[in-house]
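A short reminder: the numbers here are calculations on the coordinates, not readings from a lab. Because the structure is predicted, anything quoted here is derived from the model rather than measured. So basically every Cβ, Gly included, is an ideal-geometry build from the backbone, and we count neighbours across all protein chains shown.
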Amino acid sequence: MNAHLIIRWAMLGSALALFCAPLEVRAEVKQIGEASVVVRSVQGVLDATPRPLSAEDPVYWQESIETGADSSARLTFLDDTTLTTGPGSQVKLDEFVYAGSAGARKLVVSMSKGVMRFVSGKMDSDAYEVRTPGAIIGVRGTTFVVRVDGNRRTEVLVERGRVRVRDVDGGGEVTCEENQATVIAAPGKTEAPNEPGAPSAGLTNASLEMTVVQAITDIPADAAPPGRMQALSDRKRLADSARAGGNASQTSSSCGGC
């Protein structure tokens, strides 16, 4: 091999090393919390690579968390924020910056479908933001439930504190206080969010289902006391009932009560 060819291969190798360096940096994923509770089928998807999640597994910046039927997950972030997802839900951990009490702070979560409960942690309230297909939710309190239905509408219920809800298409903005809810149209419709009021039956039932599914485990019947398995069975029936009620109310609202 002549000297010119050797030099050319060396230059090509250096160029490839420089080109691949950013990929190596990108591969160093940043842990931002953990899955503190996992019920049944939950997976994380990072860089298009899925992985099953178990309790105490880490969760990462820009990871999507997906739950299957009768499944749920509770994520706890480094600032003690908790995010609980119900069955058939998908959220993405878009942004997380937490540099202690004196540093920069930001947490942004996107939700594309399903239901979740968000409880803010140690950051200032304006550091939190939740995005859905049709809404941007600014946190002014501590606890609220978000649901994105099959029509990509967003419903928000404040359980404690206050949130500001803005339509992504510029339709307007409302503020919901404790025990108030609002509905935001699917993206593409420039409509103001509904005036705050009572939550819909669909949102109430979805929130109930998420809560009770958290108590359901995959413990086999012969591995737990009968009383515990009976309690889990009762909660499962309650979750099924909540789901049926939510489906019925959504059908009724879509046809105007027909």
(request) With a 10 Å radius around each residue's Cβ, average the other Cβ atoms per peptide and rank 205-212, 106-113, 120-127, highest first. (result) 205-212, 106-113, 120-127
(message) From the phi angles alone, apply the Karplus equation (6.51, -1.76, 1.60; θ = phi - 60°) to region 118-130 and give each ³J(HN,Hα) in whole Hz, x where the residue is Gly or Pro.
(response) 10, 10, 5, x, 8, 6, 4, 4, 6, 7, 9, 8, 10
(request) Please work out how much length the chain gains when fully extended from N179 to K122, using 0.36 nm per residue of separation minus the C-alpha to C-alpha distance, in nm with one decimal. (result) 18.2 nm
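Test of understanding: what is the full-extension gain from S112 to A69, defined as 0.36 nm times their sequence separation minus their Cα-Cα distance?
13.9 nm
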(request) Just add up the charged neighbours of A192: K/R +1, D/E -1, any other residue whose Cβ is under 9 Å from the Cβ of A192. (result) -4
